[in-house]
Every structure is written in structure tokens, then in C-alpha cells.
1. Just checking, which of 94, 74 is in contact (Cβ under 8 Å) with a residue 24 or more places away in the chain and either in contact with a strand residue (DSSP E or B) (Cβ under 7 Å, 6 or more places away or on another chain) or surrounded by 14 or more Cβ atoms within 10 Å (Cβ to Cβ) (or both)?
2. Just checking, how many residues over segment 97-109 are within 11 Å of residue 62 (Cβ to Cβ), out of contact with any strand residue (DSSP E or B) (no Cβ under 8 Å at 6 or more places or on another chain) and in a helix (DSSP H, G or I)?
3. What are the residues in segment 1-25 that are farther than 16 Å from residue 206 by Cβ and more than 16 Å from the ligand (Cβ to nearest atom), if any?
4. Kindly list the number of the only condition in (1) part of a helix (DSSP H, G or I); (2) at pLDDT 95 or above; (3) more than 17 Å from the chain's Cα centre (by Cα) that fails for residue 132.
5. For segment 175-189, state whether one or more residues are surrounded by 21 or more Cβ atoms within 10 Å (Cβ to Cβ), modelled with pLDDT under 95 and under 25 Å from residue 10 (Cα atoms).
6. Which number in (1) exposed (fewer than 15 other Cβ atoms within 10 Å of the Cβ); (2) in a helix (DSSP H, G or I); (3) more than 16 Å from the ligand (Cβ to nearest atom) marks the one condition that residue 150 misses?
7. Regarding residue 195, is this residue farther than 20 Å from residue 89 by Cα, in contact (Cβ under 8 Å) with a residue 24 or more places away in the chain and touching a helix residue (DSSP H, G or I) at 6+ places or on another chain (Cβ under 7 Å)?
8. Can you tell which of 180, 162 is part of a helix (DSSP H, G or I) and either within 16 Å of the ligand (Cβ to nearest atom) or without any contact (Cβ under 8 Å) to a residue 60 or more places away in the chain (or both)?
Ligand code: PGA
């Protein structure tokens with residue numbers, strides 16, 4: 001059985017005091033049975049969140065593939081491992097766009113994360129023009145082929161995939177349940193081609209992009225949607241609480 005996961009990507013938001021408060025609130029949430037909750041705070045707060053948010057898992061939004069050296073401003077996967085951080089986001093569209101991270105570089109990051117026992121949440125997804133010209137399946141498949149599908153089965157099993165259509169991130173425009181399911185089913189079929197049915201069935205594929213209490217039920221009810229990577233709604237305790245609650249996952253199932 002694959003894991004159901006709700007992950008909050010706090011991005012570059014919150015003061016230290018706000019982060020502490022949100023950590024406390026997340027820690028006190030009523031989490032539905034069998035749902036794994038992760039938070040990805042700004043790097044500066046990761047350590048503190050690990051201490052305060054003990055009921056959930058705390059990951060990093062980014063890390064550099066080299067272990068150590070002259071890479072000013074970066075934090076390495078090895079350093080995350082040393083600090084007890086167990087998950088990392090890789091390939092978020094904001095990293096791809098603003099920091100020019102290529103599929104080849106993301107492949108290096110993925111390898112480094114796995115080498116250090118850190119669970120990668122690999123993000124993929126197409127921009128609006130690709131959605132509109134109809135080549136979105138090919139586009140996302142290529143992202144996976146160039147960054148992920150070189151892994152062997154044992155390594156791939158550690159990876160969580162997050163499908164985040166760029167046109168839906170932070171825009172208030174969500175993919176419809178049908179659009180999400182179409183992509184998620186396709187991703188699972190490519191994983192099956194590559195790694196076989198058992199691994200495909202056990203791979204968690206999350207949806208991300210303006211997921212909120214108003215649309216989460218219909219998204220999470222899709223057969224191939226195993227949870228969400230949540231941006232804006234993860235910053236509001238009242239909204240995130242709905243996304244991790246049992247009812248959101250059960251009413252439509
Ligand atoms: P959003 O962000 O929920 O604010 O659209 C999702 C993400 O970027 O992970």
C-alpha cells in the first residue's frame with residue numbers, strides 16, 4: 001500500500017516567531033489515520049521545527065549535491081543528513097525557473113539525496129503553454145526520464161513524485177480532478193514500464209498547485225492521487241488542518 005502524504009511547502013515565508021507558532025499548530029492537528037504529514041520550512045527554521053513539530057516529518061526545500069566545499073550560500077545533502085533531516089524537495093518549478101535548475105542538475109541532486117538516505121520529493125509539471133499545446137504528457141515524461149528513471153528499483157522506491165502544473169501554482173487555478181488523474185495515471189504507467197507493477201503501485205504521487213480545503217476532497221479521491229504538496233494553504237493552520245483531516249480523505253471514497 002502506498003503512503004498517503006500531505007506536505008506543506010512554506011517557501012520563503014514566515015518570521016521565526018510565525019514559524020514557531022505554525023509548527024506548534026501543525027503539531028497539534030488531528031491527522032487522519034495512515035496520513036503522513038511533512039512540512040518544508042525555510043532552511044533557517046528546519047532545525048527548530050524538528051524540535052517542535054515532533055508529530056510530523058520536517059524536510060528541506062532544497063540542498064546542493066556536493067557534500068562540502070566552496071559553494072557559498074548552499075547547504076549540502078550530507079549536511080542535511082548530519083542534521084537529521086529526512087526529506088528534501090527536488091525540482092520545484094520555482095527552482096527550475098528562478099535558479100535555472102536543469103533536468104541534468106536535478107538528477108545529481110536526486111542521486112546525492114539518495115546517497116545520504118534523504119527521501120526526495122521530486123516535483124515535475126508543465127508550464128501553461130505546454131498545457132495549451134497539448135504536449136504536457138510528453139513534457140512531464142521527459143522530466144522524469146532525464147532526472148529520475150536512471151535510478152534502479154531499490155533507489156526509486158524511496159522517491160515521492162509531486163505533479164505540480166506550473167499554471168496552477170499560487171494562481172488559484174487548480175487542475176481539475178480529471179486533469180490531475182490523467183497525469184497521475186500516466187506517471188504511474190511510466191513508472192510501471194520502468195520498474196514493474198509492484199513498485200508502481202507503491203509509489204506515492206502527490207498533486208500540487210492551489211490545492212486547498214475547497215478542492216482537496218475531489219483531488220484526493222482520484223485513484224492515482226496520493227496526497228498533496230501544498231503551498232499557500234500550508235501557511236494557514238486552519239486550512240492545512242482540513243487537508244490532513246480524516247474527513248477530507250474519506251467522504252468521497
Ligand atoms: P500553491 O503551491 O499550493 O501555493 O499553489 C504549491 C507548491 O508550489 O508546492
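1. Exactly one of 94, 74 is in contact (Cβ under 8 Å) with a residue 24 or more places away in the chain and either in contact with a strand residue (DSSP E or B) (Cβ under 7 Å, 6 or more places away or on another chain) or surrounded by 14 or more Cβ atoms within 10 Å (Cβ to Cβ) (or both), namely 94.
2. Total satisfying the criteria: 0.
3. 15, 16, 17, 18, 19, 20, 21, 23, 24, 25
4. (2)
5. yes
6. (2)
7. Values: farther than 20 Å from residue 89 by Cα: yes; in contact (Cβ under 8 Å) with a residue 24 or more places away in the chain: yes; touching a helix residue (DSSP H, G or I) at 6+ places or on another chain (Cβ under 7 Å): yes.
For residue 195, the condition - farther than 20 Å from residue 89 by Cα, in contact (Cβ under 8 Å) with a residue 24 or more places away in the chain and touching a helix residue (DSSP H, G or I) at 6+ places or on another chain (Cβ under 7 Å) - is met.
8. Values: 162 fails: part of a helix (DSSP H, G or I).
After ruling out the rest, the residue left standing is 180.
The values are calculated or read from the model by the stated rules, or taken from the named source; none is laboratory data. Computed from a prediction, not measured in an experiment: that's the story for all the values here. In this analysis, Cβ positions are derived from the backbone assuming ideal geometry, glycine residues included, and neighbour counts consider all displayed protein chains.
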